[in-house]
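Peer 1: Let me begin by handing over the structure; questions about it come next.
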Ligand code: NAP
């Protein structure tokens, strides 16, 4: 049996678990950080919670006799991706990053790409007063000192300091373009802030912003650690994980 650890917390990771579980010669263990209160659970074996840094992850991989790791975490989950790269390199366990493609600007978009959340916070004031903040609950504190009004959408409430003038909307995608347009109109949004998460689950807000001619502040993705193999399609990840010989 080939034992594969899928670092998850994403739709791709759940889809990957389904595909790998179909192969009787594979055991899949999916790992979640345990951040959200009611996570969407992958099929098969699941473990929840941090490993304890690089050391903890390396120990866990050894004890659980893992043959390969697919890091299918969210593109902005940079720490676990860095930890996986270091732990796998140390143990010579094959590692693949499955990272969905980012969104690309289309005609009519008014996108402003910035390096990080701090840069996004500096820019929003110049673009508008009523901000739709859709970066998840982590990192909301980067906007704590902003003077504008914020509609903050997240799955669970932020545990950090939020901007003083704000309203919290607890919702999980997918969202429709019509609903996003209506939401932005209702709250008279004049600037949208988002990570470049990619995928279909939360892309409707970008189409809505395009229709309403609202500027978008897009926080750039952190890079994948150098030397780590990455793919953007589920099929490619399945082929890699099921190849007769792992690299
Ligand atoms: P992160 O900053 O890269 O990781 C912080 C710590 O959380 C890691 O050092 C690790 O703790 C633990 N961790 C993260 N992902 C884990 C996993 N899949 N299994 C076990 N431990 C994990 O990660 P994050 O941005 O907080 O994201 C946490 C989870 O939420 C990830 O699974 C990610 O796919 C998902 N998610 C993140 C975002 C986002 O915008 N960042 C969006 C949607 C979903 P130890 O060092 O103790 O091992």
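Peer 1: Whether any residue in the range 86-103 is over 26 Å from residue 239 (Cβ atoms) and crowded, with 18+ Cβ neighbours inside 10 Å is what I want to check.
Peer 2: No.
Peer 1: While we're on this one: Taking residue 207 and the conditions (1) buried (at least 18 other Cβ atoms within 10 Å of the Cβ); (2) part of a helix (DSSP H, G or I), which numbered condition does it fall short on, given that it satisfies the others?
Peer 2: Condition (1) is where residue 207 drops out.
Peer 1: Right, here's the next one. Scan 16, 86, 96, 41 and give me the residue that is assigned by TED's automatic domain parsing to the domain that holds residue 230, within 20 Å of residue 221 (Cβ to Cβ) and outside any helix (DSSP H, G or I).
Peer 2: 96
Peer 1: Restricting attention to the range 25-76, and to residues there that are under 17 Å from the mean Cα position of the chain (by Cα) and within 13 Å of residue 4 (Cα to Cα), which single residue is farthest from the ligand (Cβ to nearest atom)?
Peer 2: Among those residues, the one meeting the criterion is 70.
Peer 1: Can you pull out every residue in the range 3-18 that is crowded, with 17+ Cβ neighbours inside 10 Å and away from the ligand (no atom under 16 Å from the Cβ)?
Peer 2: Within the range 3-18, none qualify.
Peer 1: Can you name every residue in the range 110-137 that is touching a residue at least 24 places away in the same chain (Cβ under 8 Å), under 22 Å from residue 201 (Cα atoms) and crowded, with 16+ Cβ neighbours inside 10 Å?
Peer 2: The answer is 111, 112, 117, 131, 132, 133, 134, 135, 136.
Peer 1: Quick check on the range 138-165: of everything there that is crowded, with 19+ Cβ neighbours inside 10 Å and not in a loop (DSSP other than H, G, I, E, B), which residue is nearest to the ligand (Cβ to nearest atom)?
Peer 2: Looking at residues that are crowded, with 19+ Cβ neighbours inside 10 Å and not in a loop (DSSP other than H, G, I, E, B), I get 154.
Peer 1: If I filter the range 200-211 for residues that are modelled with pLDDT of 95 or more and on the phi > 0 side of the Ramachandran plot, do I get at least one hit?
Peer 2: Looking through the range 200-211, none of the residues is modelled with pLDDT of 95 or more and on the phi > 0 side of the Ramachandran plot.
The values are calculated or read from the model by the stated rules, or taken from the named source; none is laboratory data. Note that this is a predicted model, so its numbers are computed, not measured. Cβ: placed from backbone, ideal geometry, glycine included. Neighbour counts: every protein chain shown.
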